[in-house]
Amino acid sequence: MSGTALLGQSQAELTAWAVAQGQPAYRGQQLHQGIYRQRVRSLGEISVLPKTWRETAAADIGRSQVTLRQVAPDGTHKYLLAMADGAIVETVGIPSRDRLTVCASTQVGCPMGCTFCATGKGGFARNLALHEILDQVLTVESDMAQRVSHLVFMGMGEPLLNLDNVVAAIRSLHRDVGMSQRNITVSTVGLPHKILALAAEKLPVTLAVSLHAPNQELRTELIPAAKPYPLSQLMQDCREYVQQTGRRVSFEYTLLAGTNDRPEHARQLAELVAGFQSHVNLIPYNPIAEAEFVRPEDRAVQVFLQALAKRGVAASVRRTRGLAANAACGQLRGTLQKKVP
Ligand code: SAH
Ligand code: SF4
């Protein structure tokens, strides 16, 4: 396992690794405790390990460096984390009552190119490795001195383009970090076959599908990468996901004034999601420098909400937390680094 990060390994794997280096099997548990409970950044910090081994074992735990930390008046913590190769990703910790929700990234940048998204405008570098996804949760736990109870993959990147590592992270969060998978949400714009591939993993996670438009024509304008995936097929795959997992699908809809917030859009959206036991989250657009869209007035958001409610669609408006710190996920990074190298 040399060259591989220890973060993401199960206790059995850590035990096998320790034994292969001539250590007794119980070192596996000590490593596991150190990595996931104490959240150490290097083996040297696990004081129960023999000093000589701690110093000579060539092992990298796989933790990032916090390069920027901002705290909004509402308690939202935003971080820019530097990976070993210098790549920067954004992570957010959102406290509310007894919860701590992490908004995690899955890629450095994103290749989907959504026209209203800061991450999409910045280009794409690479997928995040398993340890780089898990590190975000441990970093927020350490910094905010609170266990993370909820996780949403709504940071930078398209989770279904990095499905293997995202699935491995979800399994490790349950097995090693002790999180409930029911408190984990995977947000996606959708990719052919990938929703069913996630369903086949039989994980009890919530799927959030970013719709943003109630018809294919407008959708491909806003999400150019959605062209090969007809909306009818996407909705069919969502139905299949519900059937196979017994979990709900929720829908995200970023409201862009004059573009997708007209009465006919509300009507079409209600028709599209009819029959789903699902929830629609309306997200008023957060203006980004690279796009010309307009954030709708609060009144227009309420009118859209009411138009959905009138048709029996359960919907709510997502408050953007931490706007004072720096708007939504993916936007903070842009202040530091405009384009992915
Ligand atoms: N790639 C995934 C997950 C990350 S984006 C996805 O698109 O679902 C998470 C959410 O942030 C998406 O619903 C996206 O539409 C929303 N978002 C991105 N840019 C935004 C902006 N400028 N204003 C409001 N919401 C935005
Ligand atoms: Fe990628 Fe999601 Fe941004 Fe679209 S909204 S570019 S899929 S991160």
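Among the numbered conditions (1) within 13 Å of the chain's Cα centre (by Cα); (2) within 29 Å of residue 224 (Cα to Cα); (3) more than 16 Å from ligand 2 (Cβ to nearest atom), tell me where residue 101 comes up short.
Here residue 101 meets the rest and fails (2).
Can you pull out the residues in region 154-172 that are out of contact with any strand residue (DSSP E or B) (no Cβ under 7 Å at 6 or more places or on another chain) and either buried (at least 19 other Cβ atoms within 10 Å of the Cβ) or in contact (Cβ under 8 Å) with a residue 24 or more places away in the chain (or both)? Before the answer, list the steps.
Narrowing region 154-172 to residues out of contact with any strand residue (DSSP E or B) (no Cβ under 7 Å at 6 or more places or on another chain): 163-164, 167-169, 171-172.
Within region 154-172, 163, 167, 168, 169, 171, 172 meet the criteria.
Could you say which residue among 130, 138, 134, 151 is at pLDDT 95 or above, touching a Lys or Arg at 6+ places or on another chain (Cβ under 6 Å) and either in the same structural domain as residue 75 (by TED's automatic domain parsing) or within 16 Å of ligand 1 (Cβ to nearest atom) (or both)?
138
Scan region 38-68 for residues that are touching a residue at least 40 places away in the same chain (Cβ under 8 Å), among the aliphatic types (A, V, I, L, M) and within 22 Å of residue 139 (Cα to Cα) and report the count.
4
Is there any pair linking a residue in region 98-117 that is under 25 Å from residue 183 (Cβ atoms) and within 13 Å of ligand 1 (Cβ to nearest atom) to one that is part of a loop (DSSP other than H, G, I, E, B) and aromatic (Phe, Trp, Tyr), with Cβ under 6 Å and at least six apart or on different chains, and which?
Final answer for the pair search is none.
Of all residues being in a helix (DSSP H, G or I) and surrounded by fewer than 22 Cβ atoms within 10 Å (Cβ to Cβ) in region 104-144, which is farthest from ligand 2 (Cβ to nearest atom)? Just the residue, please.
142
Could you please tell me which pairs satisfy a Cβ distance under 9 Å, a separation of 6+ or placement on different chains, a first residue in region 228-250 that is in the same structural domain as residue 184 (by TED's automatic domain parsing) and free of Cβ contacts under 8 Å to residues at least 12 places away in the same chain, and a second residue that is buried (at least 19 other Cβ atoms within 10 Å of the Cβ) and not hydroxyl-bearing (Ser, Thr, Tyr)?
So the pair list comes out as 243/199.
Can you tell me which residue is nearest to ligand 2 (Cβ to nearest atom) among those in region 181-222 that are assigned to a helix (DSSP H, G or I) and among the small types (Gly, Ala, Ser)? Walk me through how you get there before you give the answer.
Our first condition is that a residue be assigned to a helix (DSSP H, G or I); within region 181-222, this holds for 181-183, 194-200, 216-222.
Next cut, among the small types (Gly, Ala, Ser) only: 197, 199-200.
Values: 197: 17, 199: 19, 200: 22 Å.
By that ranking, first place goes to 197.
Taking helices (runs of 4 or more DSSP H) that do not extend beyond region 256-341, which have at least 1 residues that are modelled with pLDDT of 95 or more and buried (at least 19 other Cβ atoms within 10 Å of the Cβ)? Break it down stepwise before answering.
On the way: elements: 263-273, 298-310, 323-326, 331-334.
Helices (runs of 4 or more DSSP H) meeting the threshold: 263-273, 298-310.
The values are calculated or read from the model by the stated rules, or taken from the named source; none is laboratory data. These numbers come from a predicted model, not from an experiment. Reconstructed Cβ throughout: ideal geometry from the backbone, glycine too, with neighbour counts over all protein chains shown.
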